[in-house]
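Undergrad: Next up is a structure, given as structure tokens.
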Amino acid sequence: MLRQPTFKSIALDLLDHTTINDAAMQIGARHSRLDILVNNAGIFDFADATPAKAAIAAVRQVMEVNFIGTLAVTQAMLPLLHKAPQGRIVNLSSSLGSLTLNCDPASPYYANQFIGYNASKAATNMLTVQLHEALKGTAIKVNSVSPGFVKTDLTGYGTMTPAEGARLPVQYALGGDDSGRFVEPDGMTPW
């Protein structure tokens, strides 16, 4: 008889470090380790804009959730990931976080100048680069994944369904020896 997996969610607030630490303690108590961490934080504020016009409060909120929250969760979960036979960290990023694409007038992303959102995803990419370096020699692999333009509550529109957008993050969460990469459905993305 096949046993059905049991799923249990743990609520946490990326702006409340107590809930993040509580989540890590609950996971440790229940499972003693964490095999996969998918950092999927992403908010956008319509007051975000070019550096000359962006509302500072909007930029601060986007950075706090998209980057600081991701860093806080990662720090809290690292001890549990070290206990896994093959830990995986997948940081959900965006092509808008590529400095190369932001600098290229020929890039389809060039016109999307949102200092808060773009900087938050560039910072997430830096987290990936530095974690990759720090985790060399361990069983933990870390990558930045830009799933593509997915129709979500964040965007309200897009070219991919959520199921299609989940394919690449799931691929990197479930295996492979790649680490320290920034990928999207078409292949490698320049940092």
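Computed from the coordinates by the stated procedures, all read-outs in this text should not be read as laboratory data. None of the values given here were measured: they were computed from a predicted structure. Quick reminder, even Gly has a Cβ in these numbers, built from the backbone with ideal geometry, and neighbours come from all protein chains shown.
Undergrad: Have a look at 163, 49, 173 and tell me which one the Gaussian network model of the chain (Cα, springs below 10 Å) gives the largest fluctuation.
TA: 163
Undergrad: Please check: in the Gaussian network model of the chain (C-alpha springs, under 10 Å), which one of 74, 128, 159 has the largest mean-square fluctuation.
TA: Of 74, 128, 159, the Gaussian network model singles out 159 as fluctuating most.
Undergrad: Something else: Subtract the Cα-Cα distance of residue 129 and residue 166 from 0.36 nm times their separation in residues, and report this length gain in nm to one decimal.
TA: Details: separation 37, 0.36 × 37 = 13.32 nm, distance 2.21 nm.
Length difference between fully extended and current span is 11.1 nm.
Undergrad: Determine the dipole magnitude for region 30-188: charges of +1 sit on the beta-carbon of Lys and Arg, -1 on that of Asp and Glu, nothing else is charged, the reference point is the Cα centre, and the result goes in debye to the nearest 20.
TA: Details: 12 positive and 12 negative charges, 91 e Å.
Taking the Cα centre of region 30-188 as origin, the dipole is about 440 debye.
Undergrad: Contour minus end-to-end for residue 174 and residue 8, with contour as 0.36 nm per residue of separation and end-to-end as the Cα-Cα distance?
TA: Separation in residues times 0.36 nm, less the Cα-Cα distance, equals 57.8 nm.
Undergrad: Calculated FRET efficiency, residue 19 and residue 152, Cβ-Cβ r, R0 22 Å, to nearest 0.05?
TA: For residue 19 and residue 152, the calculated efficiency is 0.45.
Undergrad: Which entries in the list 83/136; 8/151; 53/121; 121/151 go over 24 Å, if you measure between the two C-alpha atoms of each?
TA: Checking Cα-Cα distances, 8/151 exceed 24 Å.
Undergrad: What number results when the radius of gyration of the chain, computed over Cα atoms, is divided by 2.2 N^0.38 Å?
TA: 1.05
Undergrad: Taking only Cα atoms and a 10 Å spring cutoff, compute GNM fluctuations for the chain and point out the largest among 124, 152, 70.
TA: 152
Undergrad: Moving on to the next point. Over all pairs of distinct alpha carbons, what does the Kirkwood formula give as the hydrodynamic radius of region 7-85, in Å?
TA: 13.8 Å
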